[in-house]
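Peer 1: Just dropping this structure here.
The values are calculated or read from the model by the stated rules, or taken from the named source; none is laboratory data. If you're wondering where the values come from, they're calculated on a predicted model, not measured in any experiment. Glycine also receives a Cβ, built like all others from the backbone with ideal geometry; neighbour counts cover every protein chain displayed. Side chains included, ligands, DNA and RNA excluded: accessible areas come from the protein's heavy atoms. Shrake-Rupley method; radii C 1.70, N 1.55, O 1.52, S 1.80 Å.
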Amino acid sequence: MTVEMSDVQGPVLVIAPHPDDETLGCGGIIAALSDRGETVHTVFVTDGGASHRSSKTWDRSRLSAVREDEAREALRHLGAEMQPRTHLRLPDAAIPHSGCAAYEASVAQLESILIALRPRTVLVPWRRDPHCDHRDAWELTMAALEQTGQQPLVLEYAIWLDELGAPEDHPRAGEMDRVAIDAQPYMERKRTAIRAHRSQLGLLVHDDPDGFVLTENTIARLIGPEEVYWRDCPVKP
Ligand SMILES: [Zn+2]
């Protein structure tokens with residue numbers, strides 16, 4: 001189904017597992033609702049510090065700090081400079097799981113953001129994204145939502161599904177509705193915003209040949225005329 005950008009209602013909570021997911025997954029909604037004067041609160045779940053593990057010059061804390069700066073700049077390009085954002089700073093690639101104190105603390109932090117924001121729309125990573133942080137961020141968010149009892153519209157965005165997903169990772173028949181939002185007017189801003197994530201484009205860390213690099217292919221796949229989300233089917237088969 002096609003949803004008009006004007007149908008997306010704020011306040012919006014954006015859950016980004018890593019700095020760059022906000023732009024790749026949700027840049028159009030962030031830009032459009034910021035332009036409309038609606039509140040868009042972005043939560044960056046991990047510190048993003050695991051993208052260049054072998055670098056001698058960019059240790060985890062230095063890299064994490066620069067990734068927060070990159071996130072701020074990306075949001076500025078999307079027109080969300082003045083919007084609230086939170087960095088939970090959980091360890092990249094090692095988000096705590098249910099049953100430990102760090103997990104409960106993160107759920108509680110998200111819960112207090114939800115209570116303060118009262119979002120009408122929540123953008124979360126796809127529940128079966130091949131990247132563990134994306135799945136874990138979905139789970140944290142769902143746990144926090146359940147605690148609050150809030151029932152906003154939840155839209156899930158898939159970052160790595162089409163490139164790395166196994167068949168069982170994809171939405172099953174009757175499970176989800178595909179929601180495509182016209183993001184054409186925001187494409188250029190999204191392209192500019194993604195360029196702010198220099199550390200993820202191979203432009204910052206030069207001593208880790210195995211470090212993560214976002215390819216042109218991935219950027220082109222995700223920054224297109226449509227922003228695609230998945231929404232729980234209201235009626236299950
Ligand atoms: Zn990510």
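Peer 1: Can you tell me which residue among Gln150, Gln109 is more than 16 Å from the ligand (Cβ to nearest atom) and open to solvent by 50 Å² or more (accessible area, probe 1.4 Å)? Give the derivation first.
Peer 2: Numbers: Gln150 fails: open to solvent by 50 Å² or more (accessible area, probe 1.4 Å).
Only one candidate qualifies: Gln109.
Rundown of residues vs (1) among the acidic types (Asp, Glu); (2) open to solvent by 10 Å² or more (accessible area, probe 1.4 Å); (3) within 16 Å of the ligand (Cβ to nearest atom); (4) assigned to a loop (DSSP other than H, G, I, E, B), yes/no style:
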| position | (1), (2), (3), (4) |
| --- | --- |
| Ser6 | no, yes, no, no |
| Gly10 | no, no, no, yes |
| His18 | no, yes, yes, yes |
| Thr23 | no, no, yes, no |
| Ile30 | no, no, yes, no |
| Thr57 | no, yes, no, yes |
| Leu63 | no, no, yes, no |
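Peer 1: Mind checking which residues of the range 215-237 are in contact with a Leu (Cβ under 6 Å, 6 or more places away or on another chain) and either open to solvent by less than 40 Å² (accessible area, probe 1.4 Å) or without any contact (Cβ under 8 Å) to a residue 24 or more places away in the chain (or both)?
Peer 2: Filtering the range 215-237 down to residues in contact with a Leu (Cβ under 6 Å, 6 or more places away or on another chain) leaves 222, 229, 231.
Listed by number, the residues that qualify are Leu222, Tyr229.
Peer 1: Let me ask something else. Mind checking whether some residue in the range 132-146 is more than 16 Å from the ligand (Cβ to nearest atom), open to solvent by 30 Å² or more (accessible area, probe 1.4 Å) and either over 23 Å from His87 (Cα atoms) or more than 17 Å from the chain's Cα centre (by Cα) (or both)? Spell out the reasoning first.
Peer 2: Initial filter on the range 132-146 (more than 16 Å from the ligand (Cβ to nearest atom)): 142-146.
Filter once more, keeping what is open to solvent by 30 Å² or more (accessible area, probe 1.4 Å): 142, 146.
Among the residues that remain, those that are also either over 23 Å from His87 (Cα atoms) or more than 17 Å from the chain's Cα centre (by Cα) (or both) are: 146.
Yes, there is a match, as at least one residue in the range 132-146 is more than 16 Å from the ligand (Cβ to nearest atom), open to solvent by 30 Å² or more (accessible area, probe 1.4 Å) and either over 23 Å from His87 (Cα atoms) or more than 17 Å from the chain's Cα centre (by Cα) (or both).
Peer 1: Could you count how many residues in the range 107-131 are more than 13 Å from the chain's Cα centre (by Cα) and either over 16 Å from Val43 (Cα atoms) or free of Cβ contacts under 8 Å to residues at least 40 places away in the same chain (or both)? Reasoning before the result, please.
Peer 2: To start, the set of residues in the range 107-131 that are more than 13 Å from the chain's Cα centre (by Cα) comprises 107-121, 128, 130.
If we keep only those that are either over 16 Å from Val43 (Cα atoms) or free of Cβ contacts under 8 Å to residues at least 40 places away in the same chain (or both) as well, we get 108-109, 111-112, 115-116, 128, 130.
Residues meeting the conditions: 8.
Peer 1: Here's a follow-up. Kindly indicate whether any position in the range 87-105 is at pLDDT 95 or above, buried (at least 22 other Cβ atoms within 10 Å of the Cβ), more than 14 Å from the ligand (Cβ to nearest atom) and not basic (Lys, Arg).
Peer 2: Scanning the range 87-105 turns up no residue that is at pLDDT 95 or above, buried (at least 22 other Cβ atoms within 10 Å of the Cβ), more than 14 Å from the ligand (Cβ to nearest atom) and not basic (Lys, Arg).
Peer 1: Give Gln150, Gln200 a once-over and let me know the one that is among the polar types (S, T, N, Q) and either in contact with a His (Cβ under 6 Å, 6 or more places away or on another chain) or modelled with pLDDT under 95 (or both). I'd like the intermediate steps shown before the answer.
Peer 2: Values: Gln150 fails: either in contact with a His (Cβ under 6 Å, 6 or more places away or on another chain) or modelled with pLDDT under 95 (or both).
Sole residue among the options that is among the polar types (S, T, N, Q) and either in contact with a His (Cβ under 6 Å, 6 or more places away or on another chain) or modelled with pLDDT under 95 (or both): Gln200.
Peer 1: Continuing with the same structure: Of the residues in the range 159-176, how many are touching a helix residue (DSSP H, G or I) at 6+ places or on another chain (Cβ under 8 Å) and within 16 Å of the ligand (Cβ to nearest atom)?
Peer 2: Taking the range 159-176 and keeping what is touching a helix residue (DSSP H, G or I) at 6+ places or on another chain (Cβ under 8 Å), we get 159-163, 169-170.
Next cut, within 16 Å of the ligand (Cβ to nearest atom) only: 159-163, 169.
Count: 6.
Peer 1: Same structure, new question: Being part of a loop (DSSP other than H, G, I, E, B), within 14 Å of the ligand (Cβ to nearest atom) and among the small types (Gly, Ala, Ser) is the requirement here; does Ser51 meet it?
Peer 2: On the way: part of a loop (DSSP other than H, G, I, E, B): yes; within 14 Å of the ligand (Cβ to nearest atom): yes; among the small types (Gly, Ala, Ser): yes.
The answer is yes for Ser51.
Peer 1: Quick check, is Val14 farther than 19 Å from Val213 by Cα and either without any contact (Cβ under 8 Å) to a residue 24 or more places away in the chain or within 16 Å of the ligand (Cβ to nearest atom) (or both)?
Peer 2: Working: farther than 19 Å from Val213 by Cα: yes; either without any contact (Cβ under 8 Å) to a residue 24 or more places away in the chain or within 16 Å of the ligand (Cβ to nearest atom) (or both): yes.
Against the criterion (farther than 19 Å from Val213 by Cα and either without any contact (Cβ under 8 Å) to a residue 24 or more places away in the chain or within 16 Å of the ligand (Cβ to nearest atom) (or both)), Val14 qualifies.
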